[in-house]
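Q: I have a structure here, written as structure tokens, and I will follow up with some questions on it.
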Amino acid sequence: KAVVSTQSTGNSAVEVCDTPNQIKKKINKYAFSGGKTSVEEHREFGGDTSVDVSYKYLTFFEEDDAKLAKIKEDYESGAMLTGELKKILIEKLQGIVKEFQERRATVTDEVVEKFMSRVPKC
């Protein structure tokens, strides 16, 4: 059921039934950041993608390798802040979950019954 599990504390997992706002709140609250303690420090030293949960999940969900490489470069150089990185992940997950919810809404009891029925042997 879970699309993303940011940690095993209660209601932190992004689920396929979540609203866009729930996804945003969960990522902003629970996704561990590889950013620095201040904007100034982050701009100077950059973020650590090896521990940043938002970046790690983007490595699974972002299909454009060039875009992912640019995100990594910008985050590690300090050009992109943690909030900006989380925003990219939030938008990506919101799109994936929305598409799933739209497809799921088209599934009727008849479709489920047909899918679950045994196909006769030839």
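Q: Applying the selection to the range 57-71, what residues are surrounded by 18 or more Cβ atoms within 10 Å (Cβ to Cβ) and assigned to a loop (DSSP other than H, G, I, E, B)?
A: none
Q: Scanning the range 72-122 for residues that are at pLDDT below 95, of a type in the set (A, V, I, L, M, F, W, C) and over 23 Å from Cys17 (Cα atoms), which turns out most open to solvent (accessible area, probe 1.4 Å)?
A: Result: Cys122.
Q: Starting from the range 35-55, keep only residues that are at positive phi, then list their pairs with residues that are part of a helix (DSSP H, G or I) and not aliphatic (A, V, I, L, M) whose Cβ atoms are within a distance under 6 Å, requiring at least 6 positions of separation or different chains.
A: Close Cβ pairs (under 6 Å, with a partner that is part of a helix (DSSP H, G or I) and not aliphatic (A, V, I, L, M)) amount to Gly46/Glu76; Gly46/Ser77.
Q: (1) open to solvent by 50 Å² or more (accessible area, probe 1.4 Å); (2) closer than 18 Å to Ser33 by Cα; (3) polar (S, T, N, Q); (4) assigned to a helix (DSSP H, G or I): which one isn't true of Ser54, the others all being true?
A: (1)
Q: Any idea which of Gly34, Gly10 is touching a Gly at 6+ places or on another chain (Cβ under 7 Å) and modelled with pLDDT under 95?
A: Of the residues listed, the single one that is touching a Gly at 6+ places or on another chain (Cβ under 7 Å) and modelled with pLDDT under 95 is Gly34.
Q: Could you grab me the full set of residues in the range 100-122 that are part of a helix (DSSP H, G or I) and of a type in the set (A, V, I, L, M, F, W, C)?
A: Selection gives Phe100, Ala105, Val111, Val112, Phe115, Met116.
Q: Quick one: would you say Thr19 is surrounded by 12 or more Cβ atoms within 10 Å (Cβ to Cβ), polar (S, T, N, Q) and either at pLDDT 95 or above or more than 13 Å from the chain's Cα centre (by Cα) (or both)?
A: yes
The values are calculated or read from the model by the stated rules, or taken from the named source; none is laboratory data. All values derive from a computational prediction rather than experimental measurement. Cβ: placed from backbone, ideal geometry, glycine included. Neighbour counts: every protein chain shown. For accessibility, only protein heavy atoms count, side chains too; no ligands or nucleic acids. Shrake-Rupley method; radii C 1.70, N 1.55, O 1.52, S 1.80 Å.
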